[in-house]
Structures are given as structure tokens and as C-alpha cells.
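A quick write-up on the structure given underneath.
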Amino acid sequence: MHTHIFPAHAPRRFASIATRRQSAPAVEEGSNALPSTALGTNGIPTLPVIRTSGVFRPPPSQSKGAAEGEYLQEDAEDDLGFVEDDTVVEAVVNDQPIRRYDWRKRAVSRSQNTVDPSALPKGYKRRVRKPPAEFISENELVLRPAVREYSEKFLRLLHMEEAQDEAALRDRLAQWGLERLQKEGYCLTGMGAYWLEANQFGRPVAAFSIGPGIVLPDNKFETGTQVLISRLDPLTESIHTGSVLSRSPTQLRICFPNHFQLDEGTWRLDLGRPNLIYDRMRMAISQLETDPVDTMKIVPSGASQIILEGTELRDVILRSFMPGAKAEKKGTEFVDLLDAQCAVSADSKFAFDGAFKDDQRIMSWARRYSQPNPIVVDGDPPLVGLNTSQKKAMAMMIGQRFSLIQGPPGTGKTKTIIDTVKLLKVHFEVPQPLLLCTYTNVAVDNLVDGLVKAGVKPLRVGYHGTIRSSLIPYSLDYKLQHHPLTATVQKLVDESATTQEGIEELTGKYKDLEKKVQDAVARTPRRDTVQRLSNMREALVKLKTRAKYLKSRIFSIQQKMLTDIVSDADVVCTTCITSACYALNIMDFPVVFIDEASMSTEPASLIPLMKGSEHVALIGDHKQLPPVIVSHQAKEDGFGVSLFERLIEEDHVPSVMLDIQYRMHPDISRFPAKEFYDLSLFDGTVDASGNALPGLEPVHSKHTGNHPLEKARPSVVFLDHSGNESYQARSLLNITEAHIVASVVEDLLLNNPTLMGEDIGIIAPYAAQIRLLTRYLSPAHAAYRARFEAVLGSARAREVPRIEVKTVDGFEGREKQVIVFSTVRNNAAGHIGFLADKKRLNVGLTRAKRGLFVVGSVATLREGRLRMAQTAVGREKEGKAHVGGGGGGGGGKGAWGVGAESWRRYMDYLTEGDLVVPLAGDALDRALYEHLEAARARERAVAEAERGAERVALREARGAVGRAVKIAG
């Protein structure tokens, strides 16, 4: 039964909508024809139809990425987000949804393509937005209060975060000097500009560059970011605001709301706020009000198809927001107090269901492989190199409508995702489109690379500047450029531009002649002048008709190109934010996998789900990096808790943890496994005898004893020193510690001939320390360059600049042979600030494969006081010294104290294991200068030997001369 709700104020351009129930007949996939039962005996439809003279769409963002520019799913839109369209859309509403993908069919990407991709389309399936509903289902009535509460909460948190971003922008512009802004990529100066003929949705676009062919300095002006345009100072001038549309090494293209005087002089560009990200998160929250099941009940006539918005998984996402739903935490368990009358059932979430529930091949596989010892039957694909927990995770990802996969460090979650996609698309050849998203572009590229190697056909969607160069052939832009119809489109585009120029030129002449006719009203205009005016009017009508046809034709062909490319892919890979690009509106995505889900805010995770999802798996690890939040109040109110972590804690969604790590030497993994994973993480890096596998032998170092036998060398060592921290530019550094880190790098390269610079990573939590270490390791630092060349030789010294120096966040999802962790904090009071973040400690300790060198003060870290950071105000002050600003971190409450306790236990663990090396007095001198003094001693010995050889040669020469004189005499 449908409840009819007629809003008091319907949006303009919409006719009234009447609905009537009808049983859904079987309709073939892709068909948009009216069901035969909709016709009466006289052939007239017995059902009222939905009629609308336009389709409402949310106002577009002013910034579009490369995949969102030329090939859009939109016609020209006005400022209110409506499409001018005289076509009447008719549809009937059924009782039951009509699914768009038949499980009995084969994936298009795996079918033999019998359609000529170069054939021009005779028409296209017009994808339109769903009109505002005038009825809601009973399920919608149940969920509406939860949607309202959810929206109010997260819109408020988004507002806090956006306001803090704005404050941070003002603070950066006011406090940082121009040199620092330029050095760190926030500002570009001396930029010339000109307007482009092409525009974006009718908005003007300008090109900015330093000069023809001149490469821009390193900068943070990525696609979609806001840009502030001024002459000298954005704080004292009237500025213009735009958004980066696209970029190349030599040019930025920026979209503006209006034209302004641009061509003269040079401009300053400052990085603004990430407005596109907030717009898309707000849009995702608003789309949570839409039920795609209700949308699938609407069957439009003709060649139209309604874009699915929202998700079928709202009952899972909104469970804790339902009236009467409460969670009372007892220890680490949550007791569900959900009202028994609530329409949401917890038990159903653990049944095997989801997008593939009708395919018994898949359900059989999922049931069998969810068991510890699965029964293998004929036809099962071989699963090479997968352990029991990985197979169980795969079974859960394809067998459950919503699942959570926890992947601790080094447990092979990337391989698990790739093998799951391969199983669905290569083995089972499911017809449902699959969307694979991550938080970062680096993670997307890693997945695309692995999918290609596994024989899967991925499509990488994103701006080409963020895509690894070797993966460009798999990108949407590349495939569009190489589509057989690209040349045809270009010809039509050129003709369209010529036609538009003709219209503008003829319009000008027409207006001039019309004015002459109007000015001659006192006297009768000449007949030939009137005729000429009439002819020009007719010519204008023909040109405009041609222009409208060309625009429609270009759009039609572009839709075919997009459809061809997306349909030919097994999986579409992009970031959560880019998944909302209009290019992907060509298709609905019922199946969505999100990697790095624990690093993404909840509204950001919603974005890919709002494309009609009915089957979702979130993959992440809430024990590692949380979302980065700059507003401390928003973090305190829960904005730093990801959707992944919230659902893990609510404990009503099926979940599994990958429990074998393949990255770290067991000595490195031992403490993290106990501290962060309650001893449920096991080592896959040891043989049957308990010895580390080949390739994981501890590195040689004077700090580890440099024993020739592997078992006598530890893989973990703490270098304890007493050099105090100091403040610099509102951040923290430790000069003594930086020199120790440089000496450790020198020692590693000297004692391990096969160890390369890219095998070593340096982690530091503070911006000032990163800048200091980067300077020491740079070839521009004359003293250290000379030292490294003296100790290592010129060839090995060239490895030093290849060492990465980053924050913990910069190494998330990555690994190195050796990690040097500079903790920086060293003070008598024991204040450790941001080090007291337990999740970042976990990441910092689990990046190394063979060697982990932690440098710091045992006394300070064991004391582990939080100082003012226990308050929101104190955390904000502390945050300004930290690289990540606010730094992220769960819900905020209690997380810092827990992290301090973890450091305390780590210090005890290292001390008890005799893994602490004190560096004081002579020991510190030896650590810093032993290799340098040895090199100088060698140089002196060589010099002395050379001088001795010279003296011997001189004596011999003198003797020879004397003998020659005697002979001559």
C-alpha cells in the first residue's frame, strides 16, 4: 500500500503526480516499455501516469574533474538545477520494484561484443533524476525519523568542520609569509591568464600559467579545490573565487561564476577550502532520504531511465538512529535495546542474502567457504595463496548484503579484495556493475595495478594527474580519447563551435539592422531592408535549430561512448569523493566495495553508496588511522568515527578479521599483535621451526650488535637519548634526535650493501622535525652531503636523498624494509602530545619489514602525560604543531589517555627485552661520529701513505740524480 502525500509547494516545472498500485509484470532487463497489463480492453492505459515537463536535479558543483568535464550526464542547467525540456515523461508505478540486472545473464564485460563501437547511436537511454515523490511506502514512514535525526547530526558536524577549514584558511593567509605559502604549495604568484572560448555549464573558464611551456612549481591545486584570485594579497583586496577544473604541468584551468577583467597584469592564486568535498558529502546525506526500491517501481515510458539514488541498506546504516534504538556499552560489547516493534531485523543481516541471493552457484560457494574447512566441489576456482580468514572474508563479501572486513597491517586485504572481484567477474561473470572505492588515490592505483595483473578489467576514474603513469591506459580519460567515435565527436564539436560563432555574428548584424528599422519608424523602411531582416531572422532560426541538433547529437554520442567504456569494465575504481562525478551517472552500481573505510568520514563513505547500492562491503581497520578531522568540537561529537568503526562497535553487521600478517619480522609484530589485536594476529612470516622467512633477516647495524648470526640480531631497537625538544614556527623539533636519525641512516647504508634509499622510511609526527630531517638528507645540505660521501662513497651517498621522510599518515597502507621512527618529544615533565594517539602508534610500529629503529626518550614516553591536550582547547594548541592539524582520532574522548598507556607498555616491553640502547656521553659521540671519524682516519692513512710514497719516490729520484752526476763526472 502506498500513502499519498501531496506537498503544499511543489517545485516549479512539475505537473501533479498521481499514482495507482499495480503488480509488477516480468520485464526483460533494460526494457522501458509499459507493461502490457497497464492497458485496458480499449487499448487505453488504465493507470494514471506521471507527467512532468522537466526533471529536477541538484545544482551542480562549480568544479569538475577531468572525468566530469566534457563527458557529463547533464544537459545545460539553470541556476536552480532544472533542465529545460519540453518532453513529457510518462511512467507507471508498480507495487514491486523491477530489478535492472538479471542474475541469469552474463557480465557485459565478459561477453563477446557483437556491437560495432564505431557505429553511431540511433538514440540513447536518457538517464533522468527521480521526480519528487507524492507517495511514500510504509518502510519509508518507519525510517523517516531516523533519516531526519541522522541528517541533523551529520549536517551539523559538517558545518563545524567546514567552519574550521575556513578559520584555518584565514589563519594560514594571515600568519604564514608569502615565501612559506609558495614553498609548501599553497600559493602561486606571477600567473598570467586569459579566458577560454569553452565554458563549463555556461560558466566561464580561464587558463592560468607562468608562461608558455614553463612548468608550474610543486603545488596543492588539485582538481575540485577552491582557488582565491587576487593581485597581491587576498586579505586586503576584493578577490575572485573559482574552482580548479583541470590541470597540466604548465597550466591550471579554473572555472568562475562570472567574467571579470582578467587579461592584463599578473595574478596571485591561493588555495581555498575543499568546497567540492563538502558539497558531495551534503548531497550524499540528502540522498539518504531516497529509497531506490521505490524508484525501481517507477517505469518511465520511451527511452528514459531514472537514475537510482540512495541505498537499499538504510536499515543497516540508520539502525542506531531508529526511535527506540539504543546501545548500552558494557566493556567491549554492545547490548542492543532496539524496540521489538521496529521494522529492522538484526537476525536477517546475518543470513546469506544481497545482490547475488538468487544465484545458487554463488550462494553455495559463499556458504561452503565461510566454514573453516570448506568443501571443494568441481568447478570451484583455485584460490592460490589465500588463508582461511581471507577465504572467509571473500565468502562474506559476496554472501552478505552488508559486511565488514577488518584488515590489520600486512594481512593481505588488497589481495583479498582483488581475488573477490576476480571471483565475481571472471569466474561467476555476474552482470551487476561493481564499484570499488578507496579513501586515497594511491590505494586506488594499488588496487588497479593488482587487478590488471590478476586478469581483471578495471576502469580507473579520476584526474590523470592523480593516476600513476603506468595505469593511464586503464583510465576513463584515456579510453574516451581512444574510442572509435572520438573523431566523430570532435568534428561535431568543431561544427558546433563554428555554428555558434555564426549565430553570434548574425545576431549582431540582425540587431544592428533591426535598430535601423526601428529608428526609421518616422518614415517607411525600404522593402528590401525589411526583407533582409526577415531573411536574417529565418537564418538565425535555422542556425539555432542546427546548434540544438548538434548539441543533442554530441550528447547522444558521448553517452554511447561512456556506456561502452563503463560496460566493458569488470570493475570501476575511484576514490569515494570522485565516485559522485557525473560521468558515472551513466550507470547504477548495486554492488560497492570500499577499501580504507576506517580512514573516511561517515558522510564521505556514504557517497559511493548513494548510487543505488544493495550490496556493500567495507574493508578497513579501525585500529589504525582514523579520519583526519580539523574541528576539535566535531571530533568530540563523533565526526572522527568512521562508518566502519561505528558499525563494528554496534555489532549488528557481519564482520571478520584477517588474522595472519605477511609483512613483519615476528620480533616487530609481537608487541602490536598483543597491544592492538589481543593476540589474535598471527605471523605468516615464520617457517615450521619458528624462524623468520628468507628476506626478513634483521638488518646489520652497530646499534643491534652487528652479529653475523640472524638470531643474535634484534629487529627492533630503541635509541634512548636526552636531547631536549624545542619549538620552531609553532611546531616541535629535536635537533639532537635529528642528528641521531641521520647517523642511523648512514650506518644502515654502510653496513647493508644491498639496502637502497627507497627501502628506508623515516617517520616523524611534527612538521618542524620533518623539515629538519629533509634538509639534513638533502644534497643541498653541504655539510651532511660531504659527510655521507666521506663515509659511504659517492655512489652510496646518492641513495640518501631517496629516503622518504613523512608523517605516520604518509605511510598508511605502505611498508618499508626499515623504518626509523623519530618521536621528537623529550622533556622533564613527560608531555607527549600527539604521540598519545594509539591508532597512529599502531601504524608507526607496523610499517617495517626487517628493522624498526625508534629514537626518543624512554623517560618521557614512559611518563606519558597529556598536559593541556586532555581538553579540547589544549588539543587545538597541540594540533597547530602537528603536521595533520587536528589529527583525526576517533570520537576524541579517552583516546589520548589510552595511547599514553600504550607507549608506557611499549617502553616496558622494550626494556624487558633488553632492546633499549642508551645514548649518552661517549656512547652518543660514538653513535654520531664513529663512522665519520673512521672515514677521516682512513683518509689520513691514505694521505699519509701517499705522502710516504712520495718521500720514497723523491729519495729514489735524488739517488738516481746523484748517480747520474757521478757517472757524468
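Within the stretch 745-763, can you find the residues that are over 18 Å from residue 703 (Cα atoms) and open to solvent by 10 Å² or more (accessible area, probe 1.4 Å)? Spell out the reasoning first.
Our first condition is that a residue be over 18 Å from residue 703 (Cα atoms); within the stretch 745-763, this holds for 754, 756-759, 763.
Result: 754, 756, 758, 759.
Against the numbered list (1) open to solvent by 50 Å² or more (accessible area, probe 1.4 Å); (2) modelled with pLDDT under 50; (3) not β-branched (Val, Ile, Thr), residue 372 comes up short only at (2). Cβ-Cβ contacts under 7 Å between residues 6 or more apart (or on different chains), taken from a first residue in the stretch 193-209 that is closer than 11 Å to residue 245 by Cα and at pLDDT 85 or above to a second residue that is open to solvent by 40 Å² or more (accessible area, probe 1.4 Å) and of a type in the set (Ser, Thr, Tyr), are listed as 206/194; 207/194.
Residue by residue, here is whether (1) of a type in the set (D, E, K, R); (2) in contact with an Asp or Glu (Cβ under 8 Å, 6 or more places away or on another chain) holds:
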| site | (1), (2) |
| --- | --- |
| 726 | no, no |
| 734 | no, yes |
| 742 | no, no |
| 762 | no, yes |
| 769 | no, yes |
| 780 | no, no |
| 787 | yes, yes |
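Would the stretch 557-575 turn up any residue that is open to solvent by 90 Å² or more (accessible area, probe 1.4 Å), touching a residue at least 24 places away in the same chain (Cβ under 8 Å) and out of contact with any strand residue (DSSP E or B) (no Cβ under 7 Å at 6 or more places or on another chain)? No, because not a single residue in the stretch 557-575 is open to solvent by 90 Å² or more (accessible area, probe 1.4 Å), touching a residue at least 24 places away in the same chain (Cβ under 8 Å) and out of contact with any strand residue (DSSP E or B) (no Cβ under 7 Å at 6 or more places or on another chain).
Going residue by residue through the stretch 626-640, is there one that turns out to be under 23 Å from residue 415 (Cα atoms) and part of a helix (DSSP H, G or I)? Even if it seems obvious, please write down each step before you answer.
Going residue by residue through the stretch 626-640, those that are under 23 Å from residue 415 (Cα atoms) are 626.
Next, from what is left, pick out any that are part of a helix (DSSP H, G or I): none.
Scanning the stretch 626-640, I find no residue that is under 23 Å from residue 415 (Cα atoms) and part of a helix (DSSP H, G or I), so the answer is no.
A count restricted to the stretch 576-591 and to residues that are open to solvent by 10 Å² or more (accessible area, probe 1.4 Å), closer than 19 Å to residue 468 by Cβ and not in a helix (DSSP H, G or I) stands at 1. When the stretch 132-145 is limited to residues that are outside any helix (DSSP H, G or I) and open to solvent by less than 20 Å² (accessible area, probe 1.4 Å), the one that is modelled with the highest pLDDT turns out to be 137.
Looking only at the stretch 776-784, decide whether some residue is closer than 30 Å to residue 696 by Cβ, in contact with a Phe, Trp or Tyr (Cβ under 6 Å, 6 or more places away or on another chain), modelled with pLDDT of 95 or more and assigned by the TED database to the domain that holds residue 858. Break it down stepwise before answering.
Filtering the stretch 776-784 down to residues closer than 30 Å to residue 696 by Cβ leaves 776-777.
Narrowing the set further to residues that are in contact with a Phe, Trp or Tyr (Cβ under 6 Å, 6 or more places away or on another chain) leaves 776.
Next, only the ones that are modelled with pLDDT of 95 or more stay: 776.
Those left that are additionally assigned by the TED database to the domain that holds residue 858: 776.
Yes, the stretch 776-784 contains at least one residue that is closer than 30 Å to residue 696 by Cβ, in contact with a Phe, Trp or Tyr (Cβ under 6 Å, 6 or more places away or on another chain), modelled with pLDDT of 95 or more and assigned by the TED database to the domain that holds residue 858.
Cβ-Cβ distances below 7 Å connect the following pairs, each with a first residue in the stretch 913-942 that is surrounded by 15 or more Cβ atoms within 10 Å (Cβ to Cβ), a second residue that is of a type in the set (D, E, K, R) and modelled with pLDDT of 95 or more, and a separation of six or more residues or different chains: 916/720; 917/720; 919/720; 931/746; 931/747; 932/787. From the list 743, 689, 680, the lone residue that is more than 32 Å from the chain's Cα centre (by Cα) and part of a loop (DSSP other than H, G, I, E, B) is 689.
So, in the stretch 165-195, how many residues would count as being open to solvent by 40 Å² or more (accessible area, probe 1.4 Å) and closer than 18 Å to residue 255 by Cβ? The number of residues fulfilling the criteria is 2.
Against the numbered list (1) over 30 Å from residue 224 (Cβ atoms); (2) assigned to a helix (DSSP H, G or I), residue 446 comes up short only at (1). Here 100, 106, 127 are screened, and the one residue that is modelled with pLDDT of 80 or more and under 27 Å from residue 548 (Cβ atoms) is 127. If you go through the stretch 567-603 and keep only what is within 13 Å of residue 125 (Cβ to Cβ) and of a type outside the set (Gly, Ala, Ser), you end up with 585, 586, 587, 588.
Within the stretch 394-401, is even one residue under 22 Å from the mean Cα position of the chain (by Cα) and open to solvent by less than 10 Å² (accessible area, probe 1.4 Å)? The answer is yes, given that some residue of the stretch 394-401 is under 22 Å from the mean Cα position of the chain (by Cα) and open to solvent by less than 10 Å² (accessible area, probe 1.4 Å). Quickly run through the stretch 796-812 and pick out the residues that are open to solvent by 60 Å² or more (accessible area, probe 1.4 Å) and either aliphatic (A, V, I, L, M) or within 21 Å of residue 768 (Cβ to Cβ) (or both). 801, 806 - these are the residues of the stretch 796-812 that are open to solvent by 60 Å² or more (accessible area, probe 1.4 Å) and either aliphatic (A, V, I, L, M) or within 21 Å of residue 768 (Cβ to Cβ) (or both). Among the residues of the stretch 513-560, those that are modelled with pLDDT of 85 or more and among the charged types (D, E, K, R) comprise 532, 537, 538, 542, 544, 546, 548, 551, 553, 560.
Within the stretch 224-234, is even one residue open to solvent by 50 Å² or more (accessible area, probe 1.4 Å) and more than 25 Å from residue 171 (Cβ to Cβ)? No: the stretch 224-234 contains no residue that is open to solvent by 50 Å² or more (accessible area, probe 1.4 Å) and more than 25 Å from residue 171 (Cβ to Cβ).
Which numbered condition in (1) modelled with pLDDT of 90 or more; (2) among the polar types (S, T, N, Q); (3) within 27 Å of residue 177 (Cβ to Cβ) is the only one that residue 286 fails? Checking residue 286 against (1) modelled with pLDDT of 90 or more; (2) among the polar types (S, T, N, Q); (3) within 27 Å of residue 177 (Cβ to Cβ), the one that fails is (3). Being outside the structural domain of residue 627 (by the TED database) and buried (at least 23 other Cβ atoms within 10 Å of the Cβ): is that true of residue 824 here? When the stated conditions are applied, residue 824 passes them.
Across the stretch 244-274, the number of residues qualifying as within 23 Å of residue 630 (Cα to Cα) and open to solvent by 30 Å² or more (accessible area, probe 1.4 Å) comes to 2. Considering only the stretch 403-448, how many residues are of a type in the set (Phe, Trp, Tyr) and open to solvent by 20 Å² or more (accessible area, probe 1.4 Å)? Within the stretch 403-448, residues that are of a type in the set (Phe, Trp, Tyr) and open to solvent by 20 Å² or more (accessible area, probe 1.4 Å) number 1.
Being out of contact with any Ser or Thr (no Cβ under 9 Å at 6 or more places or on another chain) and under 30 Å from residue 922 (Cβ atoms) narrows it down to one residue among 717, 745; which is it?
After ruling out the rest, the residue left standing is 745.
The set of residues from the stretch 449-495 being assigned to a helix (DSSP H, G or I), crowded, with 18+ Cβ neighbours inside 10 Å and among the small types (Gly, Ala, Ser) comprises just one member, 450. For the stretch 538-557, check the following and say yes or no: at least one residue is touching a Phe, Trp or Tyr at 6+ places or on another chain (Cβ under 8 Å), in a helix (DSSP H, G or I) and closer than 22 Å to residue 612 by Cβ. There is no residue in the stretch 538-557 that is touching a Phe, Trp or Tyr at 6+ places or on another chain (Cβ under 8 Å), in a helix (DSSP H, G or I) and closer than 22 Å to residue 612 by Cβ.
The values are calculated or read from the model by the stated rules, or taken from the named source; none is laboratory data. Keep in mind that what you see is a predicted model, and the values were worked out from it rather than measured. All Cβ positions, glycine included, derive from the backbone under ideal geometry; neighbour counts span all protein chains shown. In case anyone asks, the SASA skips ligands and DNA or RNA and just uses the protein heavy atoms, side chains included. Shrake-Rupley method; radii C 1.70, N 1.55, O 1.52, S 1.80 Å.
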